[in-house]
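Asker: One structure, as C-alpha cells, below. Some questions next.
Derivation of every value follows stated rules applied to the coordinates shown; laboratory data play no part. All values derive from a computational prediction rather than experimental measurement. Using ideal geometry, Cβ is built from the backbone for each residue, glycine included, and neighbour counts are taken over all protein chains shown.
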Amino acid sequence: MQLVLQIITLIGSVAMLMYGLKVMSEGLQKMAGSKLSNVLGTATTNRFTGVLTGAFITAAVQSSTATTVMTVSFVSAGILSLAQAISVIMGANIGTTFTAWIMVLGGGSFDLRLVVYTAIVLAVALIYTKKNANLGDFLMGLSLLLLGLTTLKINATEMHLDQMQPVRDFFAATSSWGYGSYFLYLLVGGILTFAVQSSAAIMAITMTLCSTHVLPIDMGISLVLGENIGTTITSNIVALSASTQARRAAMAHLVFNLFGVIWVLCIFRWFVGWVCCAWGVEFTPGVPSDVSPDKLNAILATFHTTFNVINTCILIGFIPLLEKLVILIIPSKPEEKDTDNSLRFISGGLMSTSELSILQAWKEVHVFAMRAQRMIGMVHDLFYEQDNTQFTKIFTRIEKYEGICDRMEYEIAQYLNNVADGRLSDQSKHEVHKMLRIVSELESVGDSNYNLSRFIRNKHDGNIAFTEEQERNVEQMIYLVTLAQNKMVDSLENANISRDDFYAMTNMENEINNFRDELKNRNMQAITDHEYEYSVGVNYMDIILELEKMGDYIINVEEAIYEHKHDK
C-alpha cells in the first residue's frame, strides 16, 4: 500500500510540475501581451539577433514548443523568412535550458515547501484582486512548479530507489551495453518527451533518477539528448498540413537537433567527462556517481546548456546551407500555390499559446479584408462588361469570393473561439471580442458585393439600360465605397486607427449616406417625369442602396478598431 501511495505521489508531482510550468508560462504571456510576438517579428534582422530573440522569448515563456510553433506559424504567414526562423529556433534551444537551471536552483537540498505555500497564499490574493491577476498567475505557476519539484525529490528519497534491487538490476543491465545503452536511453528520452509533451517533466524525472544514485550520469545525459529530439516532433506534426515553408522550418528544428546529437555522440564520453570535471566529479561510464544530488543536477543542466550553445555556435554560420538542406528534404509541390482559398496566417491548425495567437488572428483578419476589398473591383468591372462570356467569368469569380468570405468568417471565428478557451488577459479577451465583430462585418461586405453582382446580372439579363447620369452616379458611389474600403484595409493592417482618421471615415460615411438620399429623391422624380421606366429605377436604386449598405458595414469595422484602441 505504501508503494502504491508513493507511485501516485510521484505521478502527481510530475503533473503538478507540468501544470505549474503551464500556468507560469501563460501568466508571463498575459503580462507581456502581444509584445513577445512583436519582438519575434521585428528583432530578427540578422542571424545573431534571431538567436538572441529565440533564446529570450523561450526563457520568458518557459516553452520552446510555444516559441517553435509560433515561429513556424510566422513562416507560414510570411512574417519570417526560413533563414530567420532557423536562427530563432536555434535560440529557442538555448532558451529552453533555462528551465533546467530553475529546477537546479528550486530543487536543491533545502525544503522550499514553507516558502512555496506562502507564495501560493500571496498568489491567490493577487488573483482575486484582479488588478494584479496576471502576476498572481505567474506566481502561482512558479509555486506549483517548485512544489512539484520539491515533492518529487522528497518522494524519490523516501522510495529509496537506490535500495530497490529490481530497479538497480534494470538500470545496471541497460547501462552495460556501451554505446548501445546511450542509443537506448536517447530513444526512450525522445519517446517520453513526445508522449508527455513536456521536456521539463522528463528533465525533472531524469534529475530525480540521477540524484538518487540509481541512474548513471551518462545515461541521464543520453535521456537529455533524447528530450532534445522529442521536443522537435510536436512542431513537425502541427506543420504537416501547413505551407511548405512552415514544414521546412519545423524540419530545420529536427535537423538542427539531430546534427547536434550526432557530433556529441562522437565525443560523448570525453564531453561528459569534461562537464563532470568542471564540477569536480569523477566520471566512470555506466556507474552511478556517489556525489551530492545538487552536483548531479547541476551537471545535467550544464551539459544541456553547453551542448545547445556549442551546437548553435557551430551551425549559425551554416544557416544558408541548412536552409538549402531542408528545401532539398521538403521540395515545393508543383500544384502548391498561394491561392485565395485558404487561410494564410492561422492555416494548418498551427496554434501557439492563446496569448501569442492574437497577432496571428489580427493578420488573418487583415487578409480577410483584402480579399473582400478585391470584390468591389470585380463588381466595377462587371457593371461595365458587355461581353457575355467575360460577364459570366467575372460573376462566377465574385460568387467564388463570396464563398471564400463565408468560409473565412467561420474558420477565423472558430480559431478565435479556440483562443478564447485559453487563459487570456482582459485586454486579449477584448481583442477577441472585437475581432469576432469585425469578421462578421467583413463577411457582410462580401455578401453586399455578391448582392451587387446579382443586381447587375439582372440588369444585364434584362437588357436594362441606364442613362448616362445613372451610370455616373453608380461610378461615383462605387468610388466612394472603394475609398472607404481602402482606408478600412489600411486600418486593419496595424489593427489601429487614429482619432483624425476615424473622424475622416465618419465624414466619408455621411457623404455616402447624403449621396444615397440625394439619388433616391432624384430617382423618384425621374420616374414621375417618365425619364425612364419604373423597372430601371428599381434596379438602379437596388445597386445604390446596396453600396450604401456596404459603407455601413465598413464604418462598423472602423468603429470596432477605434473602440478597441481608444475606449479601453
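Asker: Within straight cross-link reach of residue 459, meaning Cα distance under 18 Å, which aspartates and glutamates are found once same-chain residues fewer than 8 apart are removed?
Answerer: 381, 385, 387, 399, 468, 469, 471, 475, 531, 533, 542, 546
Asker: Next question, about the same structure. Among the listed pairs 429/487; 131/549; 324/400; 131/434, which have their C-alpha atoms separated by more than 32 angstrom in this model?
Answerer: With Cα atoms farther than 32 Å apart: 131/549; 324/400.
Asker: Next question. Which order do the peptides 212-218, 325-331 come out in when sorted by mean C-beta neighbours inside 10 angstrom, highest first?
Answerer: Details: 212-218: 23.7, 325-331: 14.6.
Top of the packing list down: 212-218, 325-331.
Asker: Let me ask you something else. Full-extension gain between residue 464 and residue 524, please, as 0.36 nm times their residue separation minus the C-alpha to C-alpha distance.
Answerer: 19.8 nm
Asker: Let me ask something else about it. Go through 246-254, 391-399, 542-550 and give me the packing order, highest mean Cβ count within 10 Å leading.
Answerer: 246-254, 542-550, 391-399
Asker: Ignoring solvent entirely, what values of log10 I(q)/I(0) come out of the Debye formula for the stretch 353-566 at 0.09, 0.15, 0.17, 0.18 Å⁻¹ when each Cα is a single scatterer?
Answerer: At q = 0.09, 0.15, 0.17, 0.18 Å⁻¹ the computed log10 ratios are -0.40, -0.93, -1.11, -1.20.
Asker: Go through 357-364, 406-413 and give me the packing order, highest mean Cβ count within 10 Å leading.
Answerer: Taking the mean over residues of other Cβ atoms within 10 Å, the ranking is 357-364, 406-413.
Asker: Hey, what does the equivalent ellipsoid look like for the stretch 456-533, semi-axes from the Cα gyration tensor as sqrt of 5 times each eigenvalue, largest first, whole Å?
Answerer: Ellipsoid half-lengths, sorted descending, are 33, 16, 7 Å.
Asker: Residue 383: net charge of surrounding residues, Cβ under 9 Å, Lys/Arg +1, Asp/Glu -1, itself excluded?
Answerer: -3
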